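Peer 1: Below is a structure I'd like to ask you about.
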Ligand code: ADE
């Protein structure tokens, strides 16, 4: 999986992703990261890439031309990296913007199927709309708050997508059995010692009885989701027994409210 980022701060992207698990995935060639500096494509003698907005208003707008040229360079670079007889598919271009669809795990899974992904990071008051119309295929936000630029959101998305690439996580199973798998939050985890400041690890986890452990963990996942993110339960896949357990939880809560 090859990630490309059009940005004014390539060093920020590199510093953020060349560490820890994504850094190891880059070193081992499972993913690649190519941060392209939009400023390198400015024709201005001071390498400026922004200008005042037509119609007035606060802030500056990134000009269309350097973005378009950086994009053209990148697409050509990707084309050249392909074998001659390989079919060339124009990569998706994600404009990282608070005006986009809010990113979630399902989107990460869908994007992880792509071979090449281009992220375009805005700054200042935005990017000239004309170049966005020409190159962007997806507008994605990481949440309903406004950051100073698109670099952190791009890194968040690249991290979430990378860990779904086979081999990036040591434990193949762990990218599946996690928060949001099946629309349930993850069950609580414990490690040694067995007793920490008087608090004991749940007995069932020490029993070695795999079926009981599994069913305890599912119940804990349901309980946690019910307490913290009940909105997720609507789309959770639960067995009949698990539904009964959830009904009991809801019933108990109602009793607590009215008692
Ligand atoms: N740029 C600024 N804020 C953002 C956000 N919340 N998501 C994506 N891109 C952004």
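Peer 1: For the subset of the stretch 129-156 comprising residues that are in contact with a helix residue (DSSP H, G or I) (Cβ under 9 Å, 6 or more places away or on another chain) and not in a helix (DSSP H, G or I), which member is surrounded by the fewest Cβ atoms within 10 Å (Cβ to Cβ)? Explain how you work it out, then say what you get.
Peer 2: Step one: list which residues in the stretch 129-156 are in contact with a helix residue (DSSP H, G or I) (Cβ under 9 Å, 6 or more places away or on another chain), which gives 129-132, 134-135, 138-143, 147, 149, 151-152, 154-155.
Next cut, not in a helix (DSSP H, G or I) only: 138-143, 147, 149.
Values: 138: 16, 139: 16, 140: 22, 141: 19, 142: 21, 143: 11, 147: 14, 149: 16.
Checking each candidate, the answer is 143.
Peer 1: Any idea which of (1) over 22 Å from residue 138 (Cα atoms); (2) surrounded by 12 or more Cβ atoms within 10 Å (Cβ to Cβ) is the one residue 72 doesn't satisfy?
Peer 2: If we test residue 72 against (1) over 22 Å from residue 138 (Cα atoms); (2) surrounded by 12 or more Cβ atoms within 10 Å (Cβ to Cβ), just (1) comes out false.
Quick grid of which residues meet (1) over 13 Å from residue 119 (Cβ atoms); (2) modelled with pLDDT of 95 or more; (3) in contact with a strand residue (DSSP E or B) (Cβ under 8 Å, 6 or more places away or on another chain):
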| position | (1), (2), (3) |
| --- | --- |
| 4 | no, yes, yes |
| 7 | no, yes, yes |
| 18 | yes, yes, yes |
| 39 | yes, yes, no |
| 43 | yes, yes, no |
| 46 | yes, yes, no |
| 55 | yes, yes, no |
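Peer 1: Next question, about the same structure. Of 170, 254, which residue is part of a loop (DSSP other than H, G, I, E, B), loosely packed, with under 13 Cβ neighbours inside 10 Å and modelled with pLDDT under 95? Talk me through it step by step, then tell me what you get.
Peer 2: Working: 254 fails: part of a loop (DSSP other than H, G, I, E, B).
Within the list 170, 254, the selection yields 170.
Peer 1: Applying the selection to the stretch 1-24, what residues are surrounded by 22 or more Cβ atoms within 10 Å (Cβ to Cβ) and over 16 Å from the mean Cα position of the chain (by Cα)?
Peer 2: 6, 7
Peer 1: Can I ask one more? Conditions first: (1) in contact (Cβ under 8 Å) with a residue 40 or more places away in the chain; (2) in contact with a strand residue (DSSP E or B) (Cβ under 6 Å, 6 or more places away or on another chain); (3) not in a helix (DSSP H, G or I). Residue 35 passes all but one, so which condition is the exception?
Peer 2: Evaluating residue 35 over (1) in contact (Cβ under 8 Å) with a residue 40 or more places away in the chain; (2) in contact with a strand residue (DSSP E or B) (Cβ under 6 Å, 6 or more places away or on another chain); (3) not in a helix (DSSP H, G or I) leaves (1) as the failure.
The values are calculated or read from the model by the stated rules, or taken from the named source; none is laboratory data. Everything numeric in this text was worked out from a predicted model, so none of it was measured. Please note: Cβ atoms are built from the backbone with ideal geometry, for glycine as well, and neighbour counts cover all protein chains shown.
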